[in-house]
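Everything below concerns the one structure shown next.
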Amino acid sequence: QVQLVESGGGLVQAGGSLRLSCAASGRTFSNYAMGWFRQAPGKEREFVARISRSGGSTYYADSVKGRFTISRDNAKNTVYLEMNSLKPEDTAVYYCNAGVEVGSSYSALDYWGQGTQVTVSS
């Protein structure tokens, strides 16, 4: 089992920045690729970003590319999502996930945090 706890959400004006954190406990953190997902009201959960086990490889959804940065600190069992130039359409509950890399793809395992709310006002 992997337990994940997100933090760092909040209310920010458009153009502002936030840094989300996801602290992991349980099984060895560095065994897992990690991802961030988000779910806006009335919409399905969508992929935002992912990072390889070592942190050497990252991938982003087109909607956040160039604005968001995912990183991890395996010594601290934590993955981060730095969000800059935030837009109202980034408003959502953000979830971190532990997964595996299958070739060049990411497969989410059933390890999710409780989510953290990000609200961007216009």
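Among Ala108, Phe29, Ser7, which residue has its Cα furthest toward the positive end of the charge dipole of the chain, with +1 on Lys/Arg Cβ and -1 on Asp/Glu Cβ?
Going by the Cα projections, it comes out as Phe29.
Sorted by accessible area with a 1.4 angstrom probe, largest first, how do Arg38, Arg45 fall? Don't skip to the answer; put the middle values down first.
Details: Arg38 15, Arg45 95 Å².
Final ranking, largest accessible area leading: Arg45, Arg38.
Let me check against my output: what whole-number percent is the relative contact order of the range 24-92, with C-alpha pairs under 8 Å and at least 6 apart? Please report the intermediate quantities before stating the final value.
On the way: 93 pairs, mean separation 18.8, N = 69.
Once normalised by length, the contact order is 27 percent.
Give me the 1.4 Å probe accessible area per residue for the range 1-99, excluding ligands and nucleic acids, in Å².
Values: 4810 Å² over 99 residues.
On a per-residue basis, 49 Å².
Give a quick list of GluC sites (Glu not before Pro) in the range 28-122 that DSSP marks as loop, anything other than H, G, I, E or B, with at most 16 other Cβ atoms within 10 Å.
Details: sites: Glu44, Glu46, Glu82, Glu89, Glu101; in loops: Glu44.
Sparse-neighbourhood loop GluC sites (Glu not before Pro): Glu44.
Largest first and in whole Å, what are the equivalent-ellipsoid semi-axes of the chain based on the Cα gyration tensor, each being the root of 5 times an eigenvalue?
Values: eigenvalues 103, 41, 36 Å².
Semi-axis lengths for the chain are 23, 14, 13 Å.
Just by accessible area at a 1.4 angstrom probe, what is the order of Val93, Val64 from largest to smallest? Don't skip to the end; give the middle numbers.
Details: Val93 35, Val64 0 Å².
Sorted descending by solvent-accessible area, the residues read Val93, Val64.
Express the carbon and sulfur contribution to the solvent-accessible surface of the chain as a percent, rounded to the nearest whole number, probe 1.4 angstrom. Provide the component values of the computation, followed by the final result.
Numbers: 2820 of 6210 Å².
Of the solvent-accessible surface of the chain, carbon and sulfur hold 45 percent.
Could you pull out every residue, at least 5 positions away or on a different chain, whose amide H is within less than 5 Å of the one on Phe68? Hs are placed 1.01 Å off N in the peptide plane, and Pro or chain starts have none.
Excluding prolines and chain starts, which carry no amide H, the hits are Asn84.
Please list Asp73, Asp62 in order of solvent-accessible area, largest first, computed with a 1.4 Å probe with all protein chains present.
Working: Asp73 45, Asp62 125 Å².
Listed by decreasing accessible area, they come as Asp62, Asp73.
The values are calculated or read from the model by the stated rules, or taken from the named source; none is laboratory data. All of these numbers come straight from a predicted model, not from anything done at the bench. Note that we place each Cβ from the backbone using ideal geometry, even for glycine, and neighbour counts take in every protein chain shown. Protein only, heavy atoms only, side chains kept; ligands, DNA and RNA dropped before computing areas. Shrake-Rupley method; radii C 1.70, N 1.55, O 1.52, S 1.80 Å.
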